[in-house]
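Asks: This is the structure I have questions about; it appears just below.
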Amino acid sequence: MSGPLTGVRVLDMTSVLMGPYATSILGDMGADVIKLEAPEGDLIRQVGPSVSGAMGGMFMHANRSKRSIVVDLKKAAGRDIALDLARTADILVYNLRPQAMERLGLSYDAVAAVRQDIIYVGTFGFGQDGPYAAKPAYDDLIQGLCAVPALIADAGDGTPRYVPINIADRVVGLHALAAILGALRHRDRTGEGQRIDVPMFETMASFVLGDHFGGLGYEPPLDDGGYARLLAPDRRPFRTADGYLCAVIYTDRHWQRFIDITGLDDWRSDPRFANHASRTYHMADIMKTVAAIFQTRTTTEWERLLGQADIPHARMHTLNSLVDDPHLAEVGFFPRIEHPSEGPVRTLRVASQWSASQPKPTRSAPMRGEHSREVLEEAGFSEEDIQRLVDASVVYCGSY
């Protein structure tokens, strides 16, 4: 079986995480993804331990299923190489600010001049018709602008902090992926390429406000926004007598069964529990009481009681216990492979299961410039041309 995007070529001019995450999924789907790196290489190569010193875990998983070519785009000959590669690409993805692409001579107009139907996708900080257009953007900054630390402060001890995952990069990367697939479908129907901007700020603002817009969406506002259930200070893993347990008591049926197993019969006539809307409005007080109740039994006891009552629950993993989870082991979520520079490593399986054209990694993450020579030869460069580019420090040809 071949992947659903077999035959599609992607020129990947992204670095760090947001863009590489999106293009790695395209690669898993069978696209030929050519990662064009600067001479110094992608910064994320240095994040985390690795055997070679250039293959941190985050880079490994966000850049599998790709080939790497190293080109100095600040030199005219490097810009010409990028245009040569774009000529045979279906999709170009970048995460520089558009102004930087313009300075490099790789604007949409310049690229469309060599490939009229190209899908030219920018993933960067802000929409280009607002006052923040030229500002730099990083995950932490976008989280702050989208009120994520403020929401965490409201739900906790009043101290704002960032979500401890690169949530903006990954959410926006997935939105970019969806946009690319939609644009491919549009081109299949019409033959028309296009420019697509996927700004981090606007994308994450929509993501956050989808839960927390609340009464702010009405004119005049009905409240100050925020989803009470998500902001309840005790909406967290419940401390038990000997550990922690995650539980979601959500529907009317869940609450009736929870009352049954805890013997809190007075809650049956409590107006706070009359319906979902009432429980949501009083969620902070309710969850505080529930949190105290969970401390009266062990984790194992609660698992038995909640299981018998069919109330959703799960133990709280650590990172170490997550990678040893028996369900993930049974479904083969961590395939072991032999990486050319890192030796034996565990990777992450594509989570979705397809009855046909199953996506899967096509190759390990590449060393810097590992495929420079191969890609240039495919583009029609002779061995002599390539050597001149190497000697002029326009191209770097790496190897294991």
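Asks: Only one residue in Gly182, Gly193 is out of contact with any Leu (no Cβ under 8 Å at 6 or more places or on another chain), closer than 21 Å to Ala22 by Cβ and either at pLDDT below 95 or buried (at least 18 other Cβ atoms within 10 Å of the Cβ) (or both). Which one? Quick ask: steps written out before the conclusion?
Replies: Working: Gly182 fails: either at pLDDT below 95 or buried (at least 18 other Cβ atoms within 10 Å of the Cβ) (or both).
Checking each option against the conditions leaves just Gly193.
Matching residues to (1) more than 21 Å from the chain's Cα centre (by Cα); (2) exposed (fewer than 10 other Cβ atoms within 10 Å of the Cβ); (3) modelled with pLDDT under 95:
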site	(1), (2), (3)
Ile311	yes, no, no
Asp325	yes, no, no
Glu338	yes, yes, yes
Pro366	no, no, no
Glu374	yes, no, no
Glu378	yes, no, no
Glu384	yes, yes, no
Asp391	yes, yes, no
Val394	yes, no, no
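Asks: Search the range 83-131 for residues being of a type in the set (Asp, Glu) and in contact (Cβ under 8 Å) with a residue 12 or more places away in the chain, and hand back the single one that is nearest to Leu141 (Cα to Cα). Give the derivation first.
Replies: We begin by selecting, within the range 83-131, every residue of a type in the set (Asp, Glu); these are 84, 90, 102, 109, 117, 129.
Adding the requirement that they be in contact (Cβ under 8 Å) with a residue 12 or more places away in the chain leaves 84, 90, 117.
Working: Asp84: 35, Asp90: 32, Asp117: 34 Å.
Step by step, filter the range 83-131, then rank; the result is Asp90.
Asks: Does Thr318 satisfy the criteria of being surrounded by 15 or more Cβ atoms within 10 Å (Cβ to Cβ), more than 30 Å from Ala76 (Cα to Cα), hydroxyl-bearing (Ser, Thr, Tyr) and free of Cβ contacts under 8 Å to residues at least 60 places away in the same chain?
Replies: Values: surrounded by 15 or more Cβ atoms within 10 Å (Cβ to Cβ): no; more than 30 Å from Ala76 (Cα to Cα): yes; hydroxyl-bearing (Ser, Thr, Tyr): yes; free of Cβ contacts under 8 Å to residues at least 60 places away in the same chain: yes.
So Thr318 fails the test.
Asks: I would also like to ask the following. Output yes when any residue across the range 269-292 is touching a strand residue (DSSP E or B) at 6+ places or on another chain (Cβ under 8 Å), assigned to a loop (DSSP other than H, G, I, E, B) and surrounded by fewer than 16 Cβ atoms within 10 Å (Cβ to Cβ), and no when none is. Talk me through it step by step, then tell me what you get.
Replies: Our first condition is that a residue be touching a strand residue (DSSP E or B) at 6+ places or on another chain (Cβ under 8 Å); within the range 269-292, this holds for 290-291.
Still in the running and assigned to a loop (DSSP other than H, G, I, E, B): none.
Checked the range 269-292: no residue is touching a strand residue (DSSP E or B) at 6+ places or on another chain (Cβ under 8 Å), assigned to a loop (DSSP other than H, G, I, E, B) and surrounded by fewer than 16 Cβ atoms within 10 Å (Cβ to Cβ).
Asks: Out of all the residues in the range 10-45, which are basic (Lys, Arg) and under 19 Å from Arg79 (Cβ atoms)?
Replies: Keep residues of the range 10-45 that are basic (Lys, Arg), which gives 35, 45.
Of everything in the range 10-45, just one residue is basic (Lys, Arg) and under 19 Å from Arg79 (Cβ atoms), namely Lys35.
Asks: Still on this structure: Return yes or no: is Val114 out of contact with any His (no Cβ under 6 Å at 6 or more places or on another chain), assigned to a strand (DSSP E or B) and not polar (S, T, N, Q)?
Replies: On the way: out of contact with any His (no Cβ under 6 Å at 6 or more places or on another chain): yes; assigned to a strand (DSSP E or B): no; not polar (S, T, N, Q): yes.
For Val114, the condition - out of contact with any His (no Cβ under 6 Å at 6 or more places or on another chain), assigned to a strand (DSSP E or B) and not polar (S, T, N, Q) - is not met.
The values are calculated or read from the model by the stated rules, or taken from the named source; none is laboratory data. This structure is a prediction, so every number in the text was calculated from the model and none was measured. FYI the Cβ positions are ideal-geometry reconstructions off the backbone, even for glycines, and counts take in every protein chain you see.
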